[in-house]
There are 2 protein chains.
Amino acid sequence: MIRFYEKDPYAPIQYSYEVTRILYRGRSRFQEIEVVENPFFGRMLILDGVVQITQKDEFFYHEMLTHVVMSAHPDPKKVIVIGGGDGGTVREVLRHRSVEKVYFIEIDEEVINVSKKFFPSVASGIGDKRVEIKCMDGAEFVRGRKHDIDLVIVDSTDIVGFAKSLFTKKFFTSIKNSLTPNGMFVTLSESLHFHRDIVVEVQKTLKSVFPVVDLYTAPLATYAGNWWTFSVGSMQLDPREIRRRGGIRTKYYSPDIHRCCFLPGEMYDRLLDGKLGW
Amino acid sequence: MIRFYEKDPYAPIQYSYEVTRILYRGRSRFQEIEVVENPFFGRMLILDGVVQITQKDEFFYHEMLTHVVMSAHPDPKKVIVIGGGDGGTVREVLRHRSVEKVYFIEIDEEVINVSKKFFPSVASGIGDKRVEIKCMDGAEFVRGRKHDIDLVIVDSTDIVGFAKSLFTKKFFTSIKNSLTPNGMFVTLSESLHFHRDIVVEVQKTLKSVFPVVDLYTAPLATYAGNWWTFSVGSMQLDPREIRRRGGIRTKYYSPDIHRCCFLPGEMYDRLLDGKLGW
């Protein structure tokens, strides 16, 4: 039996998966790209040795990254998606009818090509006429926008290597300057079990830029630590409040999940004060 | 570097851990018992190749197994704990002052001895004068009780091997017969990510016995699938309602967590109808 052993430098548990078939293996300018098949998860997309999505459970991550801020915003029309070359986040954004324009900024064109070929149901929205693809650095693209964007969604790899520039105060400030007064920004921010220091650092950096900052979680089976966090920076609106229903059918996300996915206030305060007690 | 590779026949991800020291390795009448040390999790208790508790994060599991039903019950005085030889569940039960008697039924005395030696802060309540230890089969003990128990808590190993008898209709019926009119029962019931069929089976079996049945979850880093479930059977009381505060300080459990840990009603219905869509 072939096994794939994940290469996550931060994870205190090593995850490994049975591989029944290797469907693709290549190297882009930016990273190693692999697509393998597993009996339980189906096809898996692996970048630089770390699982990004699986056919079976990608919707947990994509729904939770997207629909929380989409539902907290009263009328999202223009959205920037940075990263997420597999297309899953773009697909979820497009399900909201209010959306008129999605700027899809993926630095690595090869990820888009591989995903179109091996994950057609994930990449399904990429060709939509509302989507404008730009293969460039997300930070650079955002710097060029001024107060016309409703939502910015960062769907990057882990906070290492070239993705690091997407977690700096400078980048968060550019995002803030790109947003309308009701604008919001969301990014993954690693696991509360395994990377608590990173979670806190992202929150504190966001707080130095945005008036409203919050944190929510989702249970993701194939991300190290699983108790995965998403960090929100908002110009004024409280992301915990649901302001509209997109009229969409989801598998995991729901208004009930929305109300319960945010960290309880008391736990959030202890987290930021370094007083969680574990 | 020594690594410990978990032997979980049900898990589609194999978990492995760095081992800096092997502190204990032995075989009881029932199972293989190991205690190892890991740089992140500290000491880990392993039974038949599966991680049971770690020094770092045992409280997530013990608090969530215990305090939900303890807080939903108006006045828990007599409690049965079946399994949980490490003592963590007994420790949490004893923190509620209303408790007058804990019947601690662990089939494998060796687990208690090993835990007292290597996990003293987990086993700390075992010597309490309110605790009566019986090293015997939990199912047999419960059969001898009649309507005098407020709560039964099953803290077993995975639902395989000798623990299987703790998940049958016959056992659930004995528990029901042991409970007072406000009585409740809680048991672990595996992961929603990896063992959904088992979760549903436990729920359906409980429904054939108890008038009120429910399901809640917690994010547990060292249990396969992590999105771990707990199944409740209740004589009449809704376990979602908080009826008292024990006045205790917890690390993870809180009234906010209590209100949000139960599966949303709509997702629960889809789960039981086989219509989750994943």
task: Note down, for segment B:15-140, the three equivalent ellipsoid semi-axes (square root of 5 times each alpha carbon gyration tensor eigenvalue), biggest first, whole angstrom.
output: 26, 17, 12
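So, counting K/R as plus one and D/E as minus one, what does the shell of residues with Cβ under 14 Å around B:Pro76 add up to? Numbers along the way, then the final one.
Values: positive: B:Lys77, B:Lys78, B:Arg95, B:Arg97, B:Lys101, B:Arg130, B:Arg243, B:Arg244, B:Arg245; negative: B:Asp75, B:Glu92, B:Glu100, B:Asp148, B:Asp150.
Once all neighbours under 14 Å are counted, the net charge is +4.
Can you give the alpha-carbon Rg of segment A:2-54 over 2.2 N^0.38 Å, where N counts its residues? Show your work: numbers first, answer last.
Working: Rg = 10.8 Å, N = 53, 2.2 N^0.38 = 9.9 Å.
Normalised by 2.2 N^0.38 Å, the Cα Rg of segment A:2-54 equals 1.08.
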Charge sum, other residues only, whose C-beta stays under 15 Å from B:Glu18's C-beta, Lys/Arg counted +1 and Asp/Glu -1: 0
task: Note down the Stokes-Einstein diffusion coefficient of chain B in µm²/s, whole number, using a Kirkwood radius over alpha carbon pairs, 4 °C, and 1.567 mPa s.
output: 69
query: Over what distance in Å are the Cα centres of segment A:1-63 and segment B:1-29 separated?
result: 23
message: Residue by residue through segment B:45-60, what is 3J(HN,Hα) from phi via Karplus (6.51 cos²θ - 1.76 cosθ + 1.60, θ = phi - 60°)? Round to whole Hz and write x for glycine and proline.
response: 9, 10, 10, 6, x, 10, 5, 9, 9, 10, 3, 5, 10, 4, 5, 4
task: Provide the per-residue ³J(HN,Hα) series for segment B:237-249, in order, calculated from phi with Karplus coefficients 6.51, -1.76, 1.60 and θ = phi - 60°, each as a whole number of Hz, with x at glycine and proline positions.
output: 7, 6, x, 6, 8, 8, 9, 6, 10, x, x, 9, 9
task: For each pair in A:Lys78/A:Lys129; A:Lys56/B:Lys56; A:Lys169/A:Lys204, compute the distance between the two Cα atoms and list the pairs where it is over 21 Å.
output: A:Lys56/B:Lys56
- prompt: What does the highest-first list of A:54-61, B:16-23, B:261-268, B:70-77 look like by mean Cβ count within 10 Å?
  reply: A:54-61, B:70-77, B:261-268, B:16-23
query: Which whole-angstrom value gives the distance between the alpha carbon centres of segment A:221-278 and segment A:192-206?
result: 14
message: Taking the alpha-carbon distance from A:Lys207 and a cut-off under 18 Å, which aspartates and glutamates remain once sequence neighbours fewer than 8 residues away in the same chain are dropped?
response: A:Glu190, A:Asp197, A:Asp238, A:Glu266, A:Asp269, A:Asp273
- prompt: Quick one: label points 7 angstrom along Cα→Cβ at B:Gly265, distances to the other copies in nm, smallest first?
  reply: 2.6
query: Computed on alpha carbon atoms, what radius of gyration and Dmax characterise the protein assembly as shown, expressed in Å?
result: 24.2, 75
task: Enumerate the amide H contacts of B:Val19 below 5 Å, restricted to partners 5 or more residues apart or on another chain; note that Pro and chain-start residues carry no placed amide H.
output: B:Ile2, B:Arg3, B:Phe4
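Can you pull the mean other chain C-beta count within 10 Å for peptide A:222-230? Display every interim value, and only then the final one.
Working: counts 3, 1, 1, 3, 10, 7, 2, 0, 0.
Other-chain Cβ atoms within 10 Å of each residue's Cβ, averaged: 3.
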- request: Averaged over every viewing direction, what's the projected area of the C-alpha convex hull for segment B:35-92? Give it in nm², one decimal, please.
  value: 4.4
- prompt: A:Ser191's amide H: which non-local residues (gap 5+, or another chain) put their own amide H closer than 5 Å, with H modeled 1.01 Å from N in plane and none for Pro or chain starts?
  reply: A:Thr229
field: segment A:61-72 - phi-based ³J(HN,Hα) in whole Hz, Karplus 6.51/-1.76/1.60, Gly and Pro as x
entry: 5, 5, 5, 6, 5, 9, 6, 5, 6, 4, 7, 7
- prompt: Hey, for A:Arg245 with labels 7 Å out along Cα-Cβ, what do the inter-copy distances come to in nm, ordered shortest first?
  reply: 3.5
field: Cβ neighbours within 10 Å from other chains - mean over A:54-62
entry: 1
query: Using a basic spin-label model with each label point 7 Å from the Cα along Cα→Cβ, how many nm lie between B:Ser208 and B:Arg27?
result: 3.6
- request: No other cysteine beta carbon under 4.7 Å away is the test; run it over chain A and list who passes.
  value: A:Cys135, A:Cys261
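Below 8 Å, C-alpha to C-alpha, sequence gap of six or more: please give me the relative contact order for chain B in percent.
Here the relative contact order equals 17 percent.
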task: Find every distance from the label point of B:Glu109 to the corresponding label point in the other copies (7 Å from Cα along Cα→Cβ) and write them in nm, one decimal, shortest first.
output: 7.3
- prompt: Among bridges DSSP assigns within chain B, what percent are antiparallel (round to 5)?
  reply: 65
statement: Any residue on another chain or 5+ positions along whose placed amide H is under 5 Å from the amide H of B:Ile133 is listed here as B:Phe104
statement: Per-residue average of other protein chain Cβ atoms inside 10 Å, peptide A:267-278 -> 2
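Can you give the helix-only mean residue ellipticity at 222 nm for chain A, where every DSSP H stretch with n ≥ 4 adds -39500 (n - 2.57) and the sum goes over all residues, rounded to the nearest 500 deg cm²/dmol?
-7500 deg cm²/dmol
Every number here is computed from the coordinates shown, using simple stated rules; none is lab data. Keep in mind that what you see is a predicted model, and the values were worked out from it rather than measured. Please note: Cβ atoms are built from the backbone with ideal geometry, for glycine as well, and neighbour counts cover all protein chains shown.
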